[in-house]
1. Of (1) under 17 Å from A114 (Cα atoms); (2) touching a strand residue (DSSP E or B) at 6+ places or on another chain (Cβ under 8 Å), D33 satisfies all except one. Which?
2. Can you confirm whether segment 53-68 contains a residue that is in contact with a helix residue (DSSP H, G or I) (Cβ under 8 Å, 6 or more places away or on another chain) and either outside any loop (DSSP other than H, G, I, E, B) or over 23 Å from I88 (Cβ atoms) (or both)?
3. Please specify each residue of segment 100-115 satisfying the condition of being assigned to a loop (DSSP other than H, G, I, E, B), surrounded by 14 or more Cβ atoms within 10 Å (Cβ to Cβ) and hydrophobic (A, V, I, L, M, F, W, C).
4. Taking R81 as the residue in question, decide whether it is among the charged types (D, E, K, R) and either loosely packed, with under 13 Cβ neighbours inside 10 Å or assigned to a strand (DSSP E or B) (or both).
5. Give the residue that is modelled with the lowest pLDDT, with candidates limited to residues of segment 85-99 that are within 16 Å of I73 (Cα to Cα) and assigned to a loop (DSSP other than H, G, I, E, B).
6. If you scan segment 76-115, which residues turn out to be in contact with a strand residue (DSSP E or B) (Cβ under 9 Å, 6 or more places away or on another chain) and hydroxyl-bearing (S, T, Y)?
7. Just give me the residues in segment 57-78 being within 16 Å of S21 (Cα to Cα) and surrounded by 14 or more Cβ atoms within 10 Å (Cβ to Cβ), in sequence order.
8. Is there any pair linking a residue in segment 81-105 that is touching a residue at least 24 places away in the same chain (Cβ under 8 Å) to one that is of a type in the set (S, T, Y) and part of a strand (DSSP E or B), with Cβ under 8 Å and at least six apart or on different chains, and which?
Amino acid sequence: MLPANGAPTTNLDLSVTGLRSAKGMIRVCLTADPANFPGCVDDKRAITRSVPATQRDIRIVGLAPGNYAAAVIHDENSNARLDTFAGIPREGFGFSRNPRIGFGPPRFSAAAFAVGGVAETQQVTMRYMF
């Protein structure tokens, strides 16, 4: 696949597993900027998607080669944010490469994966604290 400027692109398929219900939305943030992981708040080039929780597979097309990391939340009440209690997520969350979770989100490097000329697939397993 080639965009108008002739640079090669590829597709990314995210497969979300381990959802505890089909309620609400799955929200994805994909970024190549370590400073904006996992929230993508100030990253104008971040790719975000929101799909119903019944849709467990998400395709992102036209992705330029590079290193990316994905953060996924299961927004069960569809309020467009990750609900927390005392800083602990009350809704499901997951990351590309399914890194080990300690206190707080993983570093970009723990969730990062390379995208090259061939289609990439990442499976994200959701985790729930409550």
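1. (2)
2. No, the conditions are met nowhere in segment 53-68.
3. Residues satisfying the conditions are I101, A112.
4. yes
5. Looking at residues that are within 16 Å of I73 (Cα to Cα) and assigned to a loop (DSSP other than H, G, I, E, B), I get G87.
6. Those that are in contact with a strand residue (DSSP E or B) (Cβ under 9 Å, 6 or more places away or on another chain) and hydroxyl-bearing (S, T, Y): S78, S96, S109.
7. Result: V72, I73, H74, D75, E76.
8. Qualifying pairs under 8 Å: R90/T84; G94/T125; S96/Y68; N98/T125.
The values are calculated or read from the model by the stated rules, or taken from the named source; none is laboratory data. A quick note: this is a predicted structure, and the numbers were derived from the prediction, not measured. Note that we place each Cβ from the backbone using ideal geometry, even for glycine, and neighbour counts take in every protein chain shown.
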